[in-house]
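Okay, so here's the structure we're looking at.
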Amino acid sequence: MALLGARPRALGELWFWFDLEALFEWTDDAANAGPVAEGLSKLLSADHLAQVGRLGQLLKAAEVQMLLDLLPARRAFLNLLPVLYHAHFPRLGLWLVPPTGAAAASWPALPWSFVLVYNARQGAADHPPQGYPLNPNALPPRLLRMALTTAVAQAPVAVRELLIHGLRDRDDPANEIRDAGRPVFARPVHCPYTWRVV
């Protein structure tokens, strides 16, 4: 909290450094099927290294060792996002400052994840939450997938209720976005007036 109070842009920079979406996409790509992709996929989805099983040669790579250092820190950061939303909601708008440089590319997914949680928690089908309307179609599918994945992790049941019926019941609705077409959400999405979401 002290870091965000002194330097709000730090939230976006942390989001950038913990963004492993490209690695998730690589392991999911059928063209990369094999023991390396399978091992990395298990590593990315496991809560503990013991759940992964034998990684053998993979653990000899320096990059995998660095990934092993990064994953617990990333998990801790992602676990703090619901705390930011619930315990610091009035100040959250102050911290949603876009980063600069390369970090700006993945930034929109984080504020959008908070917007989705806001709509899921505060809105209803016949009564949207207070705020200005947003168009989810303005967000590229890759960023929308990241935002939805992050939002579902924060409020799984509530966020699923925002989705159109076909996606709502899927095991992993974020992965289905690329095939779902538009619209993805069953009701309009609104952003709190004090937040600026790009």
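The values are calculated or read from the model by the stated rules, or taken from the named source; none is laboratory data. What you see is a predicted model, and the numbers here were worked out from it, not measured in a lab. Ideal geometry is used to build each Cβ from the backbone, glycine not excepted, and the neighbour counts take in all protein chains shown. Note: accessible area is taken over every heavy atom of the protein model, side chains too, but ligands, DNA and RNA are not part of it. Shrake-Rupley method; radii C 1.70, N 1.55, O 1.52, S 1.80 Å.
Residues that are open to solvent by less than 20 Å² (accessible area, probe 1.4 Å) and of a type in the set (Phe, Trp, Tyr): does the range 131-142 have at least one? No, the conditions are met nowhere in the range 131-142. In summary, Val36 fulfils each of the numbered conditions (1) exposed (fewer than 12 other Cβ atoms within 10 Å of the Cβ); (2) over 22 Å from the mean Cα position of the chain (by Cα) with the single exception of condition (1).
The single condition from (1) over 26 Å from Ala2 (Cβ atoms); (2) open to solvent by less than 10 Å² (accessible area, probe 1.4 Å) that Val117 fails is (1). Against the condition open to solvent by 60 Å² or more (accessible area, probe 1.4 Å), more than 26 Å from Trp112 (Cβ to Cβ) and of a type outside the set (D, E, K, R), how does Val64 come out, does it pass? Spelling it out, it is not the case that Val64 is open to solvent by 60 Å² or more (accessible area, probe 1.4 Å), more than 26 Å from Trp112 (Cβ to Cβ) and of a type outside the set (D, E, K, R). Going by the conditions given, is Tyr85 among the hydroxyl-bearing types (Ser, Thr, Tyr), closer than 13 Å to Tyr193 by Cα and open to solvent by less than 50 Å² (accessible area, probe 1.4 Å)? Here the answer is no, as Tyr85 does not meet what is asked.
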